[in-house]
Amino acid sequence: MVTITLHKVHILPMVTKEGLQRLDLEYTCSRSCHLILEVFRRETPVLRENIALLGGKGRRAVLLPEPEEDFEALFQLTDREGNILSRLETLWTRARRRTMYVVLSSHMDIGLHESQYIQRKHSADQVDGAKKCCDETAHRPAEDRYRCMLEGSWAWNNYAPERGEEAAREIIEDYIKQDRIGLGCGIAGNHFQTFGLEELCRSAYERRRLKEKWGVEGATLFAIDINGLPVSMIQPYAEAGVKNLIFAPNHWNPLPSTVWPMDMTDPGCYLNPNASGGGTRVDVRYDSDLPMVFYWEGIGGQRLLVWASTQYGYGATPFGLEPGMKLVPETVPRMEAAMAKSLPLLEEKYPYDVWLMCCYTDNQDPDLEVTNSIQAWNAKWAWPKLRTTANPDTVFQTLREKHDHLIPVLRGEMTGGWYQHPLSAPELLAQKFQTDRNLSTAEKWSAVAASLDENYGYPAEDFRRAWDHLLFNDEHSYGTSGYQGRRVYETWLQHRDWIDRAEATARKEGSAALKSIAGKIAATEHGLALFNPTAQSREAAVYTEDGRYVLATVPPFGYRVVKDSQLLPFEKA
């Protein structure tokens, strides 16, 4: 006689189009056999199914009609003669009506894998490829159509110069505003911790610029392929109108951690935080004690709603989706197996009706592979429903409206571990920080000059371009790239050229502004006008080009005129 023990019945939130819910029976059986599965509700038989089990320890999926409401169910296995072999009681719950949104894109490091000018061309090609994929799936049901996101303005702002203003307006009106192609309200995968104070604030201007020039008003910032974020970024971004942040980190480092073991069986374990054990500790995992969805609160109380994905290339692998996958007969069964494993953990920690995950790689050309797999899944399964998204703002809003009371609040730094990247080029980093300070000072004096002199033209466009040059330098490919030869030299040449151009703007415009302001100061004889742009009184020694000096105290936000007769000769020791 066969002996069997029914250890557990896994009630999964998976329902077919025919209304059949998937349940997995976890068991130990003395040999392979055919049995009868019966389900009772308060001693009343609910259903009866013939099933086959393999010998040994196993897990057997069955599809049973979903109940109309949750109930305590008795699951019973009997042989053909009616002998009861094993019984188990468990709560049979109806499946959550969850929609899982998949973000498709193409991650472009500004100068890592390829030089910046190549990335510029690729970003324009990406938009054209996305347009083509959108058109090819326009006839499908809404949940089966191709949609994608552009991570930020670096990917988008290259399009008009490459294809022309008219073509760009067509993309805006027919694709971006129609929720077919989305546009993140940041710049790129920036190293926010290397921003100077003014530069950090300027990086948050991007959302307003997209609204003013293109009429696109998004509220979601993408922080992709980095592994840390500073708490200082919350206030300027929140005040700029950013509400949401998609964080898809990469825990790559040359040496794996010796403290946290890496799960070598996890796909992409050297890059994927879900595997743990990377050279940096990025605790974005489905089994982590820290949440993947949370309000991130800054020092002043401002908040961003963060949705973390386990790396952008492997964000959807726990559920059977991966970039470049091919739709073959085994695709949906593989997705089903992955869903059966991951959905219970998702259900336990994140009882939300929506979920968001990234699924794309570096420099990926738009294709329909993932979208076709989603279509095949939706043809069989009603829940969970899969679909791509072009505007994650709506997903975040659904989360707020339905589950705001369940979202935890976290405070503090998201400690990064890639500080060797910017620090590997200390000369460029120091020059960039100095230019950051000089550029903000020049802009202050330009604003003063414009208010005092009606003939002075405020160089807004020159300043905008100069800040762009600095912001492009803080993208995370700055510093070490792991490559050799021409691509490295070209990348660093472009970095230095951008910084030099920003510094030249600071010198030129700062000098012009001070000259304009000095021209408004009445003086009885030739001398020096000393300005103090800070909130504190400053005392300093000022040296002239002809070898004289003066010790002068300048009031806060003010100036002082030093006459030639007050300058003293300076003799070097």
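The values are calculated or read from the model by the stated rules, or taken from the named source; none is laboratory data. Here the structure is a predicted model, which means the values were calculated and not measured. Glycine also receives a Cβ, built like all others from the backbone with ideal geometry; neighbour counts cover every protein chain displayed. Each accessible area value is taken on the protein alone, full model and side chains, heavy atoms only, with ligands, DNA and RNA left out. Shrake-Rupley method; radii C 1.70, N 1.55, O 1.52, S 1.80 Å.
General remarks:
- Based on Cα contacts under 8 Å between residues 6+ apart, the chain shows a relative contact order of 15 percent.
- Accessible area per residue, Å², region 459-573 with all protein chains present, probe 1.4 Å: 61 Å²
- Peptides ranked, highest mean first, by Cβ atoms within 10 Å: ranges 186-195, 488-497: 186-195, 488-497
- Among Met149, Ala308, Gly519 - extreme Cα towards positive end, dipole of the chain, charges at beta-carbon: Ala308
- Relative to the longest principal axis of the Cα atoms of the chain, the long axis of helix 369-380 lies at roughly 30 degrees.
- Accessible surface area normalised per residue over region 241-299 is 44 Å², counting heavy atoms of protein chains with a 1.4 Å rolling probe.
- The stretch between Ala142 and Arg209, if pulled fully straight at 0.36 nm per residue, gains 21.1 nm over its current Cα-Cα span.
- Relative contact order of region 439-568: 26 percent, from C-alpha pairs under 8 Å at least 6 residues apart in sequence.
- In terms of packing, defined here as the mean over residues of other Cβ atoms within 10 angstrom, the peptides 353-364, 553-564 line up highest first as 353-364, 553-564.
- Sorting 341-349, 231-239 by average packing, meaning the other beta carbons within 10 Å per residue, from highest down gives 231-239, 341-349.
- Rounded to 0.05, the FRET efficiency of the Leu345 and Phe40 pair, given R0 = 35 Å and the Cβ-Cβ distance, is 0.75.
- Dipole orientation for region 190-303: of the candidates Ser288, Ala219, Pro230, Ala219 has the Cα lying most toward the positive pole (charges on Cβ; Lys, Arg +1; Asp, Glu -1).
- The angle between the Cα long axis of helix 393-403 and the longest principal axis of the Cα atoms of the chain comes to about 60 degrees, rounded to the nearest 10.
- Accessible area expressed per residue, region 1-74, with surrounding protein chains retained (probe 1.4 Å, Å²): 54 Å²
- Helix 460-473 vs. the chain, principal-axis angle (Cα, 0 to 90°, nearest 10): 50 degrees
- Taking the accessible area of region 472-564, probe 1.4 Å, and keeping the other protein chains in place, the carbon and sulfur fraction comes to 52%.
- Summed residue charge, Cβ within 13 Å of Ala61's Cβ, Lys/Arg positive, Asp/Glu negative: 0
- With contacts taken as Cα pairs under 8 Å at a separation of at least 6 residues, region 282-363 carries a relative contact order of 32 percent.
- Taking the 1.4 Å solvent-accessible surface of region 147-214 as the whole, the part contributed by carbon and sulfur is 44%.
- Among beta bridges that DSSP assigns inside the chain, antiparallel share in %, nearest 5: 70 percent
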